[in-house]
Every structure is written in C-alpha cells, then in structure tokens.
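What follows is a short report on a single structure.
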Amino acid sequence: MTSAAMAGLRIESLSKEFTAGRPVLQDVDLAVAPGEFVCVVGASGSGKSTLLCLIAGLSRPTAGRVLLDGHEVAGPGPDRGMVFQTASLFPWRNVAHNVAFGLEALGVPRGRRQERVRWLLDEVGLGHLATALPGRLSGGQQQRVSIARALACSPRVLLLDEPFGALDVQTKEDMQLFIRQVWQDVGTDPLTAPLTDPEAPHAPADPAHRSTIVMVTHDVEEAVFLGQRVLVLSSDPGRISQDIAVNLPEPRSLEMKRSPEFLELKATVEDLVRAEHRAHQARTAL
Amino acid sequence: MVIMQSTSETTIAPPGARPAATAPPPARVKLLTTSVSSRTAWLLRALSILGPLAAWWALSAGGVVDPTFLPSPSAVWTAGVTMAQSGDLPSDLLASLGRIGAGFGLAVLISVPVGFAMGTLGWAQPLFEPVIGILRYLPASAFIPLLIIWLGIGEPSKIALLVLGVVFFNTLMTADAVRQVPYRLLEVSATLGASRLRVASRVVLPYALPGIIDAMRVNAAAAWNFVVVAELVAATSGLGYRITRAQRFLQTDRIFAILVVIGLIGLTIDIALRLLRSRVGRWTR
Ligand SMILES: Nc1ncnc2c1ncn2[C@@H]1O[C@H](COP(=O)(O)OP(=O)(O)OP(=O)(O)O)[C@@H](O)[C@H]1O
Ligand SMILES: [Mg+2]
C-alpha cells in the first residue's frame with residue numbers, strides 16, 4: 001500500500017456488540033481522505049454515537065479495526081478530537097483554561113499555549129469571554145468552546161456528535177457557517193511547526209492539512225449543507241447503506257440552501273433515510 | 001396531586017362565589033425549595049442561638065431548676081472567666097486542639113488518598129469497601145479499653161481513637177465525592193491526551209474537592225466528640241478531663257462553661273471549613 005492510500009481515516013469491517021449476538025454496528029467499512037468533511041445521518045439508535053466512540057478509541061470494537069494514517073487506533077488520543085452532543089466543559093475552568101487543557105497535557109510551552117488559545121477563541125468568536133466560567137455561557141457558546149478545545153490539540157480528525165442538535169434554528173445556522181469556516185482555517189499542522197503567516201498563524205498551508213471532520217447529525221439538511229459526502233447509517237444492525245457525494249460549489253453559503261441542486265440532493269437523502277426507516281420498521285414488525 | 005387540589009378547591013368554594021361556567025383557576029404549584037431574603041436569614045440565625053439561650057436564662061433565673069443542676073448564664077460566664085484567668089482553660093483547650101490536629105489530621109491523610117483510590121481505581125473499591133463497611137459500624141468508643149491496653153493512657157491511645165472514629169467514614173464519603181465526577185469529563189480528558197495522573201490531579205481532584213471538604217466538615221464534628229470522650233475516660237489534661245474534675249466537685253457552672261467553649265470551637269471549625277468550601281467550590285454556583 002502506498003503512503004497516500006494509508007493517509008486519512010480507514011475503518012475496516014468494524015463491528016460492535018454490547019450484548020452478544022445483537023450487533024449495533026456490523027461490518028462497517030469506510031475511508032475518509034485527509035481534509036475531508038463527512039456527515040453521517042441515521043435514525044436514533046442506529047449506532048452513530050457508537051461509531052464515533054469507536055473512532056475516538058473510547059470503546060473497543062468487537063471485530064474489525066480503525067486506522068488513522070495507517071496506525072491502528074488502540075485508545076483515545078489528542079489526534080482525534082471529540083465534541084459530544086452536550087457540551088462537556090470543565091466547569092471550574094474558565095473558557096481560556098478549558099481550551100488550554102489539551103495543550104497543557106501535550107506540554108506546549110506557556111507562551112505558545114496562550115497565543116494559540118487566544119487565536120482559537122477569536123476564531124470561535126469568544127475572545128471577550130476568555131475569563132468566563134462555562135456555567136455562564138449559552139448552549140451555542142459552550143459548544144463553540146468545546147470545538148475550540150478539541151481543535152487546540154491540532155487533531156488529525158475532528159469527531160462531532162450532533163453538536164448543534166440542541167440549538168435553535170438561527171444559532172444552528174450560525175454554527176454551520178462557523179464550523180465550515182473553522183474547517184477552512186484551522187489546520188492539523190504540528191504545534192511545533194514554525195509560525196509563518198502572522199495574520200493566520202495556524203491556518204493550514206495546504207488544503208490537505210485541513211482537519212478531517214466526521215460529523216454525526218440527524219438533520220439531513222445540515223448534513224447536505226456541510227458535508228462533502230453524506231453517509232446514511234442503517235439500523236439494526238448499523239451499517240453504511242449509502243455513500244452520497246455532495247457536489248455543491250465551495251464555499252457553501254446559506255443562499256445555497258434554496259438552490260434547486262441543494263433541494264434535490266436533500267430530497268434524495270431524505271428519501272433514502274425514510275426508506276431505511278421503513279425497511280427497519282418492517283423488519284422489526286416481523 | 002395537582003388535579004386533586006384544584007377539584008377540592010372547587011367543591012369547597014361557597015356556592016355563588018364563582019360562576020359555575022367558569023373553569024377553576026389553574027392550580028398554583030410552588031417549587032419545593034424556597035428562599036428568604038438575607039435579612040430574614042440573619043434574623044433566623046440570631047433566633048436560632050438566642051432563643052435557646054433565652055429559654056436557659058428564663059429557666060435558671062426563674063428558680064424553676066436548682067442552680068446546682070442548671071447554673072444561670074451569668075454563673076457560667078463567671079466560672080469561664082475564672083478558669084480562663086487561672087490558665088487552666090487555655091492549656092486544656094490547647095491540649096484538646098493538639099489531639100484533634102494530630103488525630104483528625106492523620107485520619108484525613110489516610111482517608112483522602114484511600115477514598116480517592118476507591119473512587120477511581122477499579123481494584124481499590126472491592127478491596128477496601130467490605131472491610132471498611134464492617135469496621136465503621138464498630139463504635140469507636142468501644143475501642144477505648146483495648147486502645148489503653150495496647151497503647152497505654154498517653155497521647156497515642158487518644159490519637160488512635162480519633163483516627164478510628166473518623167477514618168472509615170471519611171474514606172467512604174471521599175470515595176463517594178470522587179465517584180460524582182461525570183464519566184463524560186474523563187472521556188473528554190482522554191481524547192485531549194491527558195494521562196491518568198493528569199486526569200486525577202487536574203480533573204477528578206478539582207471536581208471532587210468541594211465534596212471532600214464537605215465530608216471533612218461532617219467528620220470534624222465527630223472528631224470533637226471523640227477527643228472529649230477520650231479525655232473523659234483517661235487524661236490529665238484537655239477539656240474532657242476538666243469536665244471530670246468539675247464533676248467531682250459538683251461545679252456544674254464550670255462544666256457548662258467548658259461545654260460552651262467546645263461548642264464555640266466546633267462552630268469556628270465548621271465556619272472555617274465552610275468558607276474554604278465555598279472558595280474552592282465557587283464554580284458550583
Ligand atoms: N454502553 C452501551 N451499552 C449497551 N448498549 C448501548 C451502549 N451504548 C449504546 N448502546 C446501544 O447501541 C445502540 C446505538 O446507540 P447509539 O448511541 O450509538 O445510537 P445513535 O445513533 O447515536 O442514536 P441517537 O441519534 O439517539 O444519539 C442503541 O440501541 C443503544 O441502546
Ligand atoms: Mg447519539
């Protein structure tokens with residue numbers, strides 16, 4: 001295998017059972033290229049969170065394996081940042097110290113750490129709240145901090161588990177644009193790399209150095225708007241039943257949500273999810 | 001509950017008070033927890049102390065009870081001042097405080113790490129829980145005779161009693177506080193690359209610290225009990241010893257004075273730990 005083929009995230013016949021004989025995920029195969037933005041949609045209980053936890057290394061597969069740049073994932077690590085559905089900030093640490101947590105663990109020197117935290121907080125639009133405790137923040141702000149905290153370690157892959165599920169429509173739209181922007185701006189270059197551009201000190205020099213994003217959502221519109229690919233996860237057992245390329249122009253804008261191409265693609269995915277749901281109901285009715 | 005309340009209200013209402021066609025007003029439900037203004041709170045605090053004090057004064061000054069059994073507040077004050085001036089009270093107080101410091105301090109030094117381990121390490125819980133679960137039901141005071149046989153009547157037996165009385169409870173309560181840390185935070189820490197040691201010191205400890213201090217606050221009160229008990233049984237100094245001396249001469253006023261001192265010291269320790277807790281746990285509000 002060439003190094004280009006090894007790069008990125010590979011999932012090979014991954015299965016997960018919590019109770020023997022009842023797989024939640026079965027034979028999931030997936031390859032995500034470096035810098036790709038992939039969205040996963042599926043019914044509640046289809047195993048979306050389970051899939052992300054396996055990639056994050058927070059739980060072990062029953063069979064199969066997860067590879068990142070050719071190395072098998074054996075446990076959690078800062079190369080795979082995870083943002084959970086409900087923000088899980090450290091309540092006693094202020095916003096800046098929350099974002100700095102991973103950098104401290106990595107042993108990044110103080111000056112570099114503070115400078116990166118400041119830049120990330122500006123990037124997520126929370127520079128003015130650096131010293132606030134998480135308890136004082138709104139849900140959307142907390143999720144932004146969670147994302148900044150995960151990005152601080154410069155992860156190869158960013159795993160997002162329904163990060164905007166609990167937000168209102170307006171905030172959600174803002175966050176969609178925001179995560180797209182973050183994906184453009186924040187690279188995965190090692191934290192030790194020399195700072196080149198003082199205007200965007202952490203921006204990736206090369207699009208291939210962008211973060212790879214795997215985002216779970218149950219909102220089909222969101223998936224089509226954000227993803228370069230949308231994966232449909234079937235239920236019982238969970239497996240990837242559809243892999244749809246989203247060939248919409250980049251960068252994405254909110255107006256695009258009204259374009260015929262977008263609406264058509266959204267309808268297609270919705271039909272697929274619905275068909276999946278019907279099939280599942282029919283199976284369980286037997 | 002709510003429905004029952006509103007129907008009973010309708011039936012109780014006098015006829016004509018409310019037109020029959022009008023639906024009953026929605027039942028008003030209050031939250032279980034209520035709060036009062038800080039002024040009211042201070043008034044109630046004062047009442048909590050001054051009320052019993054006034055009752056005591058009324059009982060003794062009214063001559064209802066023989067002063068040998070219940071001395072008046074002023075007699076107690078005089079006895080306290082006399083003891084303080086003779087130097088007995090300060091030296092006894094220091095002796096008792098020294099024992100608390102050593103015994104309670106030792107108990108905390110043992111129980112917090114063990115409790116922390118029980119709350120975090122898979123093997124520590126099944127290893128320690130059963131034995132501590134049994135030992136904590138053995139009344140520490142019943143160990144006094146044994147401790148005197150083993151360690152003599154000097155300081156070691158008293159410190160050992162304090163440790164025995166406090167260490168098991170404080171261990172289990174610390175373990176409980178540590179277990180309150182949300183699993184999600186441990187997962188997040190791991191995905192951010194934190195080692196187990198770092199998670200223990202930077203995540204579990206800060207999260208559990210307010211609870212650990214609360215446990216210490218509860219057990220500090222128990223420690224006070226045990227030190228006085230130990231001194232009542234066998235000692236040549238300390239507040240408990242001073243009580244037995246006063247008992248021999250039927251000096252109830254002195255006994256009361258010492259009890260007041262014990263109460264005040266206990267209150268001081270409690271307030272100090274409370275302040276520490278609200279400082280450390282500022283983020284919990
Ligand atoms: N730790 C666990 N132990 C046992 N069963 C589990 C565990 N975690 C998940 N499951 C089961 O696995 C299935 C998939 O759960 P998962 O949380 O991955 O679903 P999901 O697709 O993320 O759903 P949702 O959209 O509601 O978040 C569910 O049936 C759930 O009951
Ligand atoms: Mg989920």
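The values are calculated or read from the model by the stated rules, or taken from the named source; none is laboratory data. From a predicted model like this one, the values you see are computed outputs, not experimental measurements. Methodologically, a virtual Cβ is constructed for each residue, glycine included, from the backbone with ideal geometry; neighbour enumeration extends over all protein chains shown.
With a requirement of 2 or more residues that are closer than 28 Å to residue B:103 by Cβ, of a type in the set (Lys, Arg) and touching a helix residue (DSSP H, G or I) at 6+ places or on another chain (Cβ under 9 Å), the helices (runs of 4 or more DSSP H) lying completely within segment B:126-213 that satisfy it span B:155-179. Annotation note: Cβ proximity below 7 Å between a residue of segment A:25-43 that is more than 14 Å from every other protein chain (Cβ to nearest Cβ) and a residue that is of a type in the set (Ser, Thr, Tyr) and more than 15 Å from ligand 1 (Cβ to nearest atom) (sequence gap 6+ or interchain) occurs for A:27/A:13; A:29/A:13; A:32/A:212; A:34/A:212; A:35/A:212; A:36/A:212.
The criterion of being more than 16 Å from ligand 2 (Cβ to nearest atom), surrounded by fewer than 19 Cβ atoms within 10 Å (Cβ to Cβ), within 25 Å of residue A:180 (Cα to Cα) and more than 14 Å from chain B (Cβ to nearest Cβ) does not hold for residue A:20. Might you let me know whether segment B:94-115 holds any residue that is among the polar types (S, T, N, Q) and under 30 Å from residue B:203 (Cβ atoms)? Scanning segment B:94-115 turns up at least one residue that is among the polar types (S, T, N, Q) and under 30 Å from residue B:203 (Cβ atoms).
Going by the structure shown, is residue A:163 within 17 Å of residue A:38 (Cβ to Cβ), within 16 Å of ligand 1 (Cβ to nearest atom) and either part of a loop (DSSP other than H, G, I, E, B) or in contact with a helix residue (DSSP H, G or I) (Cβ under 8 Å, 6 or more places away or on another chain) (or both)? Against the criterion (within 17 Å of residue A:38 (Cβ to Cβ), within 16 Å of ligand 1 (Cβ to nearest atom) and either part of a loop (DSSP other than H, G, I, E, B) or in contact with a helix residue (DSSP H, G or I) (Cβ under 8 Å, 6 or more places away or on another chain) (or both)), residue A:163 qualifies. The single condition among (1) touching a residue at least 12 places away in the same chain (Cβ under 8 Å); (2) surrounded by 15 or more Cβ atoms within 10 Å (Cβ to Cβ); (3) of a type outside the set (D, E, K, R); (4) more than 16 Å from ligand 2 (Cβ to nearest atom) that residue A:55 does not satisfy is (4). Restricting attention to segment A:52-107, the residues being more than 12 Å from chain B (Cβ to nearest Cβ), at negative phi and assigned to a strand (DSSP E or B) number 7. As a summary of the residue check, residue A:199 satisfies the conditions (1) of a type in the set (D, E, K, R); (2) modelled with pLDDT of 85 or more; (3) in a loop (DSSP other than H, G, I, E, B) except for the one numbered (2). Candidates B:279, B:274, B:245: the one that is of a type in the set (Lys, Arg), closer than 30 Å to residue A:95 by Cβ and either part of a loop (DSSP other than H, G, I, E, B) or without any contact (Cβ under 8 Å) to a residue 40 or more places away in the chain (or both) is B:279.
Has segment A:67-90 got any residue that is within 15 Å of ligand 1 (Cβ to nearest atom), within 26 Å of residue A:137 (Cα to Cα), modelled with pLDDT under 90 and of a type outside the set (D, E, K, R)? Yes - at least one qualifying residue is present in segment A:67-90. Residue count for segment B:214-228, restricted to those that are crowded, with 19+ Cβ neighbours inside 10 Å and either within 14 Å of chain A (Cβ to nearest Cβ) or under 21 Å from residue B:110 (Cα atoms) (or both): 8. So which residues in segment A:70-117 are over 24 Å from residue A:210 (Cβ atoms), in contact (Cβ under 8 Å) with a residue 60 or more places away in the chain and surrounded by fewer than 21 Cβ atoms within 10 Å (Cβ to Cβ)? A:86 - this is the single residue of segment A:70-117 that is over 24 Å from residue A:210 (Cβ atoms), in contact (Cβ under 8 Å) with a residue 60 or more places away in the chain and surrounded by fewer than 21 Cβ atoms within 10 Å (Cβ to Cβ). Looking at B:209, B:185, B:192, B:197, just one residue is buried (at least 20 other Cβ atoms within 10 Å of the Cβ) and within 14 Å of another protein chain (Cβ to nearest Cβ), and that residue is B:192. All of (1) out of contact with any Asp or Glu (no Cβ under 7 Å at 6 or more places or on another chain); (2) under 23 Å from residue A:182 (Cα atoms); (3) within 13 Å of ligand 2 (Cβ to nearest atom) hold for residue A:45 with one exception: (2). If the condition is being crowded, with 19+ Cβ neighbours inside 10 Å, within 14 Å of chain B (Cβ to nearest Cβ), more than 20 Å from residue A:184 (Cβ to Cβ) and hydrophobic (A, V, I, L, M, F, W, C), then segment A:118-136 contributes only A:133.
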